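See below for the structure under consideration.
The values are calculated or read from the model by the stated rules, or taken from the named source; none is laboratory data. Remember, predicted model here, so these are calculated numbers, not experimental data. Here the Cβ positions follow ideal geometry from the backbone for every residue, glycine too, while neighbour counts run over all protein chains shown. Surface accessibility is based on the protein's heavy atoms, side chains included, excluding ligands, DNA and RNA. Shrake-Rupley method; radii C 1.70, N 1.55, O 1.52, S 1.80 Å.
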Amino acid sequence: MGLLAATMMFALPLGVIGIVAAVAGFLCRPLQPLLLVAMAWGVGWLCTGLAAGDRFAPALILPLLLASLVAACASIAVRREMEHGYRVEANGAAALD
């Protein structure tokens, strides 16, 4: 299994967690870091289990770390863009009044 395929295998579930963290961070800013830390703890726990595994399990650690890094960065970017869009929309509505 290639590095890209293995990374994509982990990207979908971690991406969903990242989007949930972005929406939670948009609604209540302190929730996003808590969800991302919980995701990182889960990833660390899974990496520990993979490191103790047999055969090809240790080879999945790097793709898991890459996918979690991408998911965390994307989550922060999505929240910032949501906040920016909200400000632009609020400024546009204020200009019409």
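A few remarks follow.
- Restricting attention to the range 30-46, the residues that are surrounded by fewer than 17 Cβ atoms within 10 Å (Cβ to Cβ) and part of a helix (DSSP H, G or I) add up to 11.
- Of all residues in the range 2-23 being more than 12 Å from the chain's Cα centre (by Cα) and of a type in the set (A, V, I, L, M), the one that is nearest to L60 (Cα to Cα): A6
- Residues of the range 54-68 that are free of Cβ contacts under 8 Å to residues at least 40 places away in the same chain, open to solvent by 50 Å² or more (accessible area, probe 1.4 Å) and not acidic (D, E): R55, P58, L65.
- Checked against (1) in contact (Cβ under 8 Å) with a residue 12 or more places away in the chain; (2) open to solvent by 30 Å² or more (accessible area, probe 1.4 Å), A51 passes all but condition (1).
- Residue in the range 79-96 that is within 19 Å of L12 (Cβ to Cβ) and at pLDDT 90 or above present: no
- Verdict on G18 being open to solvent by less than 50 Å² (accessible area, probe 1.4 Å) and touching a residue at least 12 places away in the same chain (Cβ under 8 Å): yes
- Test: R55 is in a helix (DSSP H, G or I) and basic (K, R): no
- The listed residues are A71, A94, and the only one of them that is of a type in the set (A, V, I, L, M, F, W, C), out of contact with any strand residue (DSSP E or B) (no Cβ under 9 Å at 6 or more places or on another chain) and loosely packed, with under 12 Cβ neighbours inside 10 Å turns out to be A94.
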